[in-house]
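What follows is one structure encoded as structure tokens, with my remarks underneath.
The values are calculated or read from the model by the stated rules, or taken from the named source; none is laboratory data. This structure is a prediction, so every number in the text was calculated from the model and none was measured. Every residue, glycine among them, receives a Cβ derived from its backbone with ideal geometry; neighbour counts consider all protein chains shown.
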Amino acid sequence: MAAQKTNLYNAFETTLTATAGASDLTFTVNSVTAPTAVTLVAPFYLVLNPDSSTNREVVLITSLNTGTKTLTCDNINKRFLDGSAANSGLS
């Protein structure tokens, strides 16, 4: 099955402002505002590179700072969760 983009009511798309290294636990994004009436509250899942089924990574985000647009994973074991194609971080 080819990778495809899915638009869900309880999901939104944003862009990382820097490369995510294999050991990074903090991710800065360009927006933390959903386009619908959904309020973003941790915990939630961050899917990196969702348009590529061979490179995506699933990360459990445990806290966020809406002022700095920073998403944080509190433990390296919460990166590369089930569904991740990458097992050592995206380059």
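Annotations
- Residue check for Asp24: among the acidic types (Asp, Glu) and at pLDDT 85 or above: yes
For (1) of a type outside the set (Ser, Thr, Tyr); (2) surrounded by 14 or more Cβ atoms within 10 Å (Cβ to Cβ); (3) modelled with pLDDT under 85, each residue gets a yes or a no:
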position: Ala11; (1), (2), (3): yes, yes, yes
position: Thr39; (1), (2), (3): no, no, yes
position: Pro43; (1), (2), (3): yes, no, no
position: Leu60; (1), (2), (3): yes, yes, no
position: Ser63; (1), (2), (3): no, no, no
position: Thr70; (1), (2), (3): no, yes, no
position: Asn75; (1), (2), (3): yes, no, no
